[in-house]
1. Would you be able to tell me the number of residues in the stretch 196-243 that are touching a residue at least 24 places away in the same chain (Cβ under 8 Å), more than 21 Å from SER112 (Cβ to Cβ) and outside any helix (DSSP H, G or I)?
2. TYR24 passes all but one of (1) within 19 Å of VAL146 (Cα to Cα); (2) among the hydroxyl-bearing types (Ser, Thr, Tyr); (3) at pLDDT 95 or above; which number fails?
3. Within the stretch 191-243, count every residue that is in contact with a strand residue (DSSP E or B) (Cβ under 6 Å, 6 or more places away or on another chain) and farther than 13 Å from VAL165 by Cα.
4. Do we have LYS195 as over 28 Å from MET1 (Cβ atoms) and surrounded by fewer than 15 Cβ atoms within 10 Å (Cβ to Cβ) here?
5. Kindly indicate the residue of the stretch 124-156 that is of a type outside the set (A, V, I, L, M, F, W, C) and assigned to a strand (DSSP E or B) and also farthest from GLN185 (Cα to Cα) among those meeting that condition.
6. Which one is nearest to VAL130 (Cα to Cα) among residues in the stretch 11-45 that are of a type in the set (Ser, Thr, Tyr) and assigned to a helix (DSSP H, G or I)?
7. Across the stretch 121-142, what is the total count of residues that are out of contact with any helix residue (DSSP H, G or I) (no Cβ under 7 Å at 6 or more places or on another chain) and crowded, with 17+ Cβ neighbours inside 10 Å?
8. Could you list, in sequence order, all residues of the stretch 178-192 that are among the hydrophobic types (A, V, I, L, M, F, W, C) and either surrounded by 12 or more Cβ atoms within 10 Å (Cβ to Cβ) or within 18 Å of LYS147 (Cα to Cα) (or both)?
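The values are calculated or read from the model by the stated rules, or taken from the named source; none is laboratory data. The structure presented is a predicted model; accordingly, all values stated were derived computationally and were not measured. A quick note on method: Cβ atoms are made from the backbone with ideal geometry, for glycine too, and the neighbour counts reach across all protein chains shown.
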Amino acid sequence: MSLYLTISANFRTGSPLPSIDDQYNDLWKVAKLLETAGFPINEWFPPAATPEVSLLNQAFSATGPSLAALAMSKADKANLASDLRILGVWNGMEDSGGAAYTTTYNTSRIPSNLDFSAQDASAFLDYRNVVKFVQSVIDFWNPMLVKVAPGGYSEKSVFTDRPAVGWMIYLPFEVSARQVPEAAQIIPIMAADGKKRQGTLIITTTDTFDVDNPAHIKNANAIETRLVDQDLLPTLREFVTRF
């Protein structure tokens, strides 16, 4: 089956804004996580005026961001702002096999975010590989929210003012299996010290989520409704103000 997968995480980066070098190093750390999903570290490229120019320079080496990618980022005046910066990379492929991700770091009350997308990444057809990547993202950024869904699911979610559950959703508080019986799995996420629970990853189905499968949509919608009924799915505005 074809799968256009999107993964987004919202988190706080604090002030002052991290340097370009530091933010690009965070991109590199994501690339290292993605190696196990079949994305070689040397096959990511920085944005440029044309795809052909982009492909002339690798974004990363085995040890960190490339000098070329850093130089290109620092030459872009948009990246020199003190309160907001967007940096990203792509794997040089469009349509099937294509993947890209960006980090948007800012110092305002609006959360920073990681946005990842991939078309037909075979490793991510297995929910366990998606879970492993999401858990690494949580460990790295301590986000307030992570959403995993195929493209097109948001239009089929129940609530327009709340996060769509989709295939998986991470919430920064405890949710039990008894509270969401429709979930295929509930994974407790522990804090770095291994003693305190910091959140919950809710998985709609252990099958590859198919936006054209009515059963998958029905189950995800049921989880959204169940969470809202128990005041466990804050509005998007509440995520900004409460967490």
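1. The total comes to 14.
2. Here TYR24 clears every test but (1).
3. 5
4. Details: over 28 Å from MET1 (Cβ atoms): yes; surrounded by fewer than 15 Cβ atoms within 10 Å (Cβ to Cβ): yes.
The answer is yes for LYS195.
5. Pass one, the stretch 124-156, residues of a type outside the set (A, V, I, L, M, F, W, C): 126-129, 132, 135-136, 139, 142-143, 147, 150-156.
When the remaining residues are screened for being assigned to a strand (DSSP E or B), the result is 147, 150.
Values: LYS147: 15, PRO150: 18 Å.
The selected residue is PRO150.
6. Narrowing the stretch 11-45 to residues of a type in the set (Ser, Thr, Tyr): 13, 15, 19, 24, 36.
If we keep only those that are assigned to a helix (DSSP H, G or I) too, we end up with 24, 36.
Numbers: TYR24: 23, THR36: 11 Å.
Restricting to residues being of a type in the set (Ser, Thr, Tyr) and assigned to a helix (DSSP H, G or I), the top hit is THR36.
7. Step one: of the stretch 121-142, the residues out of contact with any helix residue (DSSP H, G or I) (no Cβ under 7 Å at 6 or more places or on another chain) are 122, 125-128, 131-132, 134-135, 137-139, 141-142.
Adding the requirement that they be crowded, with 17+ Cβ neighbours inside 10 Å leaves 127, 131, 134, 137-138, 141.
Counting residues in the stretch 121-142 that are out of contact with any helix residue (DSSP H, G or I) (no Cβ under 7 Å at 6 or more places or on another chain) and crowded, with 17+ Cβ neighbours inside 10 Å gives 6.
8. Pass one, the stretch 178-192, residues among the hydrophobic types (A, V, I, L, M, F, W, C): 180, 183-184, 186-187, 189-192.
Passing the criteria: VAL180, ALA183, ALA184, ILE186, ILE187, ILE189, MET190, ALA191.
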